[in-house]
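Beneath this line is the structure, given in structure tokens, with notes to follow.
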Amino acid sequence: MKSIPMLDLKLEYEYMKENINQAIQKCLDHQQWILGPEVKELETKIAAYIGVKNCIGVSSGTEALLLSLRALAIKLRGQEYFDRTDEIVTTPFTFTATGDAILRSGATPVFVDIDATTFNIDSSHIREYIVSQKNEGRLSVVGIIPVHLYGRSCDMDAIMKIAEENGLFVIEDTAQAFGGTWKGRRLGSIGTTGSFSFFPSKNLGGFGDGGMVSTNDDSIAEILRMLLKHGGKDKYNVDHIGYNARLDTLQAAVLLAKLKYVDDFNKRRKKIAKIYHRELSGIDPLVLPFSSNESEEAHVYHQFTLRVKNEKRSELQKYLMENGVSSMIYYPLCLHAMKVFKDRCKNVGLLNNSEQTAKEVLSIPIEPLMATSTVMEVTAAIKRFFSQ
Ligand SMILES: *Cc1c(COP(=O)(O)O)cnc(C)c1O
């Protein structure tokens, strides 16, 4: 039986084949594999696209987060790592990398509950936590990492206001939201830095790992360029504890070829989301992603994620699988419940929304090149399940 995949990278490659093959051939011809001309070109193009002064290519989205944090520790604190007493506020309902980068930077992740309608961090809880610390006469929080989950922007007005009032940095985890916006501004251009992932399944994905940091702060950009090359401007005489975390020339070449398609593909994602909204509304145990005219314009639907109430999720997933429809759970477990974080994080309150959400979410196929008839096959299968 043929099955409908979450994403069809072979189909996408066929669609862009000529452009991609040419880009790769250019690399084969010039043989400049490390920080070749494509890396600079991609950095320049994405900086212009997002509307920031600097973009710095790195080896993955995870390293983009970690290197941002390390650069901030060096710039703001004059030390290589943060201290365990330094707290960084983020969401527990995200990919592991967000929290893992905080641990590796030396700081302590502080998990704050999400808003159940948007799946994103609830800024009112960030404010409450900071107020409670200040009432005790201390402020251990140094920064915030909002995650634009599934391609939807966090409330950046509220988050930037809290940050500015309290002297905190903001790293936008934009791994799932390339091309997304908040009130007309591109995500990744609003915080102190933005971090991007080019993991193959992301809205702009390479043929392997890759990532990028965006920032308007030249001094952070300068430190980042050192960290990704062993920690110095001169790799034979280094200043900082560094990494080998460069973006591959070959990945940059593929990404440059694919960048031309990203706006069109994001539009196609929105179109599929619109069909899902139309076809799946009013089915009782399903909650569709929050939608309004304004939010639809800004949302880039990295995932189309349903909430399945009444503990029907695993039955629905099984039924879909038997009927040739893929689906995925992003994410089955909150970060604060994982072994690695348990004794190394702080939780603000009970994180009930996050825990409930982890039990209910189910993402369904959203391949930009998917035919409308295929989208309708997905909705038909879901409707059949709920009408039996
Ligand atoms: C994918 C992802 C990352 C990590 O990116 P990699 O390129 O896989 O290292 C970080 N945060 C979020 C929210 C992600 O979805």
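The values are calculated or read from the model by the stated rules, or taken from the named source; none is laboratory data. It should be emphasised that the depicted structure is a prediction, and the values quoted were computed from it without experimental measurement. Cβ atoms come from the backbone with ideal geometry, glycine included; neighbour counts cover every protein chain shown. Side chains are part of the model used for accessible areas, which takes the heavy atoms of the whole protein and leaves out ligands, DNA and RNA. Shrake-Rupley method; radii C 1.70, N 1.55, O 1.52, S 1.80 Å.
So L256 ticks every box in (1) surrounded by fewer than 18 Cβ atoms within 10 Å (Cβ to Cβ); (2) in contact (Cβ under 8 Å) with a residue 24 or more places away in the chain; (3) of a type outside the set (S, T, Y) but one. Which box is left unticked?
Tallying (1) surrounded by fewer than 18 Cβ atoms within 10 Å (Cβ to Cβ); (2) in contact (Cβ under 8 Å) with a residue 24 or more places away in the chain; (3) of a type outside the set (S, T, Y), L256 fails exactly one: (1).
Taking the conditions exactly as written (modelled with pLDDT of 95 or more, under 21 Å from E38 (Cα atoms), within 22 Å of the chain's Cα centre (by Cα) and part of a strand (DSSP E or B)), does F207 satisfy them or not? Before the answer, list the steps.
Numbers: modelled with pLDDT of 95 or more: yes; under 21 Å from E38 (Cα atoms): yes; within 22 Å of the chain's Cα centre (by Cα): yes; part of a strand (DSSP E or B): no.
Answer is no for this residue.
Identify all residues within the range 288-334 that are closer than 21 Å to A380 by Cα, open to solvent by 50 Å² or more (accessible area, probe 1.4 Å) and within 16 Å of the ligand (Cβ to nearest atom); write none if there are none.
Scanning the range 288-334 gives a single hit, M328.
Search the range 278-303 for residues that are on the phi > 0 side of the Ramachandran plot and pair each with any residue that is crowded, with 16+ Cβ neighbours inside 10 Å and of a type in the set (A, V, I, L, M, F, W, C) when their beta-carbon atoms are under 6 Å apart and the residues are at least 6 apart or on different chains.
Short answer, once both residue conditions are applied: Y301/A273; Y301/I366.
Do any residues in the range 203-220 that are farther than 20 Å from A71 by Cβ and open to solvent by 10 Å² or more (accessible area, probe 1.4 Å) have Cβ atoms under 7 Å from those of residues that are β-branched (V, I, T) and not in a loop (DSSP other than H, G, I, E, B), where the two are at least six apart or on different chains, and which pairs are they?
Matching pairs, first to second residue: N203/V262; F207/V254.
Name the residues in the range 210-229 that are charged (D, E, K, R) and outside any strand (DSSP E or B), would you?
From the range 210-229, those charged (D, E, K, R) are 217-218, 222, 225, 229; that's our starting set.
Correct list: D217, D218, E222, R225.
Without any contact (Cβ under 8 Å) to a residue 24 or more places away in the chain and hydroxyl-bearing (S, T, Y), is that true of T44?
Numbers: without any contact (Cβ under 8 Å) to a residue 24 or more places away in the chain: yes; hydroxyl-bearing (S, T, Y): yes.
The answer is yes for T44.
Select, from S189, S153, the only residue that is open to solvent by 10 Å² or more (accessible area, probe 1.4 Å), in contact with a Leu (Cβ under 6 Å, 6 or more places away or on another chain) and at pLDDT 95 or above. Write out each step before concluding.
Working: S189 fails: in contact with a Leu (Cβ under 6 Å, 6 or more places away or on another chain).
Residue meeting the stated conditions: S153.
Can you name every residue in the range 345-370 that is open to solvent by 50 Å² or more (accessible area, probe 1.4 Å) and over 15 Å from T305 (Cβ atoms)? So that I can check it myself, show each step before the final result.
Here is the first cut: in the range 345-370, the residues open to solvent by 50 Å² or more (accessible area, probe 1.4 Å) are 346-347, 349-350, 352-353, 355-356, 359.
Passing the criteria: K346, N347, G349, L350, N352, E355.
Quick check on my filter: what residues within the range 168-202 are away from the ligand (no atom under 16 Å from the Cβ) and closer than 20 Å to L67 by Cα?
Those that are away from the ligand (no atom under 16 Å from the Cβ) and closer than 20 Å to L67 by Cα: L168, F169, S189, I190, T192.
Can you name the residue in the range 116-147 that is more than 25 Å from V308 (Cα to Cα) and among the aliphatic types (A, V, I, L, M) and, of all such residues, is nearest to the ligand (Cβ to nearest atom)?
I145
Of these, K270, K235, K274, which one is more than 16 Å from the ligand (Cβ to nearest atom), open to solvent by 70 Å² or more (accessible area, probe 1.4 Å) and either closer than 30 Å to F119 by Cβ or in contact (Cβ under 8 Å) with a residue 24 or more places away in the chain (or both)?
Working: K270 fails: open to solvent by 70 Å² or more (accessible area, probe 1.4 Å); K235 fails: either closer than 30 Å to F119 by Cβ or in contact (Cβ under 8 Å) with a residue 24 or more places away in the chain (or both).
Unique residue meeting the criteria: K274.
Residue under question is F178, and the condition is that it be touching a residue at least 40 places away in the same chain (Cβ under 8 Å), part of a loop (DSSP other than H, G, I, E, B) and within 22 Å of S291 (Cβ to Cβ); does it hold? Spell out the reasoning first.
Values: touching a residue at least 40 places away in the same chain (Cβ under 8 Å): yes; part of a loop (DSSP other than H, G, I, E, B): yes; within 22 Å of S291 (Cβ to Cβ): yes.
Yes: the conditions hold for F178.
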